[in-house]
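The structure appears right after this line, and notes come after that.
The values are calculated or read from the model by the stated rules, or taken from the named source; none is laboratory data. The shown structure was predicted, so the numbers you read here are calculated from the model rather than taken from an experiment. Please note: Cβ atoms are built from the backbone with ideal geometry, for glycine as well, and neighbour counts cover all protein chains shown. SASA here: full protein model, heavy atoms, side chains in, ligands and nucleic acids out. Shrake-Rupley method; radii C 1.70, N 1.55, O 1.52, S 1.80 Å.
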Amino acid sequence: MTVIVLIFLYAPIMFLVIFSFNSSVTGANWMGFTLKWYGELFLRSPDIWEGFKNSLIVAVFSSLTATFIGTMAAIGIHWYKPSFRRYINFNIYAPLIIPDILMGVSMLMLFVSMRIRLSLFTIYLAHTTFSLSYVVLVVLARLENFDSSLLEAAMDLGASEFQTVRRVIIPMALPGIIASFLLSFTLSIDDFIITFFVAGPGSTTLPLRIFSMIRFGLSPVVNALSTILVGGAILLTLLGRKFLKYILAGEG
Amino acid sequence: MDKDGAVYSVELENVTKIFDESTVAMKNVSLKVKKGEFFSILGPSGCGKTTTLRIIGGFETPNEGTVRIDGRRVNNLPPNRRPVNMVFQNYALFPHLSVFENIAFPLRLKKMTESEIREKVEYMVELVKLKGQERKFPRQLSGGQKQRVALARALVNEPRVLLLDEPLSSLDAKLRQYMLMELDRIHDEVGITFIYVTHDQAEAMSVSDEIAVMNNGVIEQVGTPPEIYESPANTFVAGFIGETNFFVGKVVDVSSEYLKVETRFGILTCYKDKEAKIGDTVEFMIRPEKVYVTKNYPPQNMNFLRGKVDQLIYLGSHTKYYIMVENTLIRSIKQHTRYWMDESTISWDDEVYVWWNPDDSYLIKVTGG
């Protein structure tokens, strides 16, 4: 069973990787090994690199913003336990279950009605918005594990609220905060549907660029690009695991 | 008397704490804790003892009444501005900080220099005997070691009062005994007031200068361990502290020192600890270690009953006897001195005399009749 599952999961990717080295333009048959698509990608595809740069900018800034706001929100919700917490909770979960296409349409309507020109900035706002829910969720889950007497101990030992947040809550929640940052980054960098609605001229991200390339037929350059992305993702995952182990080492 | 004139380290005046309509944690509690005392608050779970401690620490605000620390009213001071520190029941060590950094935490907040911090932490590490463990993290420590870190961290700020919330409850019995002696030693060394909350009467008895016995949000009695054990203020205290035998009856005769009381066991004599007149209903008690169990007829002027040995529990240093008299178990404890030579003659189901000296009983309560 496991083998079947693994084949289902990885066969398409394997094909993609293999065909990125295929010298056939149509990609239907194996015509011999070549690296020309990689050459094409690196030397003659400024559009792709433009999209990649845009994606990176949006991902970095939106996940940083979302992590910051989301962490503060989670601490506020957890610490102050307002009576309307259930209501807050629902509002935080809602974006997770609302279909992306609805989110995309609604954000487009919002931006248009507010006369905000569609650009990288609107993509940034949209990505920050949907990442927020995930950040709050992940950080909140981490905070729920703490004994509330830790906060009382910090106060008892002389810490103000701010010092308690800075010296106790944030360091203890750090693995959750980092995890939520990585999650937001991943969500942002490969988001297509929402981005599709809120992107304006000159603000094409990588997923949008790939989509537009595919529309004119399968390009082996996309295969080459995908292979590099898969490789990068694997590398990052491995590094991330090492890093997480290091962070988690300081925990009780 | 301290330099600032206050005799008492902590004073509670008519403090009432209500959590909601149905939960009154403290009813009109008044307490005075002297400077440098090892003061225990003893009571069953849910009696309000932890709430009392949390009110002193500033984690709860009283609905009514005044809290004073060193003579100063602190009702509105948050915990971080009170000169008291707390050792939490589950230690509440910061999991992301090493032993050294846990202890240094309050000092870093005060922005002390690195060398000052090092000096103070090292002194504390020495005091609580944690030398060599400074770089470990809480999860690498045993229960007893965590306890020591929590103590050091609470003491490093040099508080006027140390609050301890059942700090030994999660340790096993042997370690608990040892840590209790350690607490006593540390108390002697630092010389500040300790307020210790516990439900374990043996713990409270063994280290306290004074004990407050609490029940249902009310202080039942405050006194030294012998006072509380020998002259309990009421039936609750008598029953909660150690084992005891209670008797209820009507006074039939009063002399200068004794009362004759008609009980369901017949007429018994008890020492007149309180004034009473003929016809009053009285309640008195006799502690098991003052009750003798013999096969021979007891000496003159003793209270005695006849019964049958129901249970006999040999515990090495002493034996507990449960004697059935008129469908009531009378408890007796016999300390062994020369077991093989003099004792072990009484066994299960033997018919025995249960007797005690009337001077050893204590009159708990007199109700006019």
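Remarks
- Each other residue within a Cβ distance under 12 Å of A:PHE196 adds +1 if Lys or Arg and -1 if Asp or Glu, for a net charge of -1.
- Point-to-point label distance, B:GLU64-A:MET31, nm (Cα→Cβ direction, 7 Å offset): 9.5
- Using a Förster distance of 51 Å, the FRET efficiency for A:ILE7-B:SER45 (Cβ separation, nearest 0.05): 0.30
- Packing, taken as the mean count of other beta carbons within 10 Å per residue, orders the peptides B:295-308, A:100-113 from highest to lowest as A:100-113, B:295-308.
- Highest-fluctuation residue, B:LYS35, B:LYS131, B:LYS272 considered, GNM on chain B with Cα pairs under 10 Å: B:LYS131
- Solvent exposure of the stretch B:161-211 as accessible area per residue, Å², 1.4 Å probe: 39
- Length gained when the stretch B:ARG338-B:SER22 is fully extended (0.36 nm per residue, less Cα-Cα span): 108.2 nm
- Listed residues B:MET86, A:MET31 arranged by accessible area, highest first, probe 1.4 Å: A:MET31, B:MET86
- With contacts taken as Cα pairs under 8 Å at a separation of at least 6 residues, chain B carries a relative contact order of 15 percent.
- Area of A:THR67 that stays accessible when all protein chains are in place (1.4 Å probe, Å², to 10): 10
- Relative contact order (%) - criterion: Cα under 8 Å, at least six apart; region: chain A: 34
- Anisotropy class of chain B from Cα gyration tensor, a/c 1.5 cut: prolate
- Spin-label zone in the stretch B:66-90 - amide nitrogen under 17 Å from a point set 7 Å from the Cα of B:SER30 along the C-beta vector: B:66-69, B:71
- Chains B and A together bury some 2100 Å² of accessible area, summed over both sides, with a 1.4 Å probe.
- Estimated FRET transfer efficiency when R0 is 41 angstrom, pair B:GLU13-A:TYR93 (beta carbons, to 0.05): 0.25
- Cα→Cβ-extended label distance, 7 Å offset, between A:PHE162 and B:LEU77, nm: 2.2
- Each other residue within a Cβ distance under 13 Å of B:ASP349 adds +1 if Lys or Arg and -1 if Asp or Glu, for a net charge of -1.
- Per-residue mean of C-beta atoms belonging to partner chains within 10 Å, peptide A:162-169: 2
- In summary, the lysines within cross-link reach of B:LYS320, defined as a Cα separation below 23 angstrom excluding same-chain residues under 8 places away, comprise B:LYS174, B:LYS290, B:LYS295, B:LYS308, B:LYS334.
- Rounded to the nearest 10 degrees, the angle from helix B:99-109 to the longest Cα principal axis of chain B is 70 degrees.
- Pairwise label distance in nanometres, A:ARG44 with A:PHE192, each label 7 Å out on the Cα-Cβ vector: 2.6
- Our helix-only sum for the protein assembly as shown, with -39,500 (n - 2.57) per DSSP H run of n ≥ 4 divided by its residues, gives a mean residue ellipticity at 222 nm of -14500 deg cm²/dmol.
- Only aspartates and glutamates eight or more places from B:LYS146 in sequence, or on another chain, were considered; those with a Cα closer than 13 Å are B:GLU134.
- Rounded FRET efficiency, nearest 0.05, which uses the C-beta distance separating B:ARG118 from A:LEU235 and R0 of 60 Å: 0.90
- Sequence-distant lysines (8 or more away, or on other chains) whose Cα lies within less than 19 Å of B:LYS277: B:LYS250, B:LYS260, B:LYS365
- Of A:ILE178, A:ILE194, A:ILE13, the residue with the greatest mean-square motion in the GNM of chain A, using alpha carbon springs below 10 Å, is A:ILE13.
- For the segment A:99-112, counting C-beta atoms of other chains within 10 Å of every residue's C-beta and taking the mean gives 0.
- Split the accessible area of chain B by element, probe 1.4 Å, and carbon with sulfur accounts for 49%.
- Summing +1 for each Lys or Arg and -1 for each Asp or Glu among the other residues whose beta-carbon sits under 9 angstrom from that of B:ARG68 gives -1.
- For the protein assembly as shown, the percent of C-alpha pairs falling in each 20 Å distance bin, counted from 0 to the bin holding the largest distance, reads 15, 32, 25, 17, 9, 2, 0.
- Heavy-atom accessible area per residue - chain A, 1.4 Å, Å²: 57
- For the peptide B:95-104, the mean number of other protein chain Cβ atoms found within 10 angstrom of a residue's Cβ is 3.
- Cα gyration tensor shape of the stretch A:1-69, rounded if a/c is under 1.5, else prolate or oblate by comparing a/b with b/c: oblate
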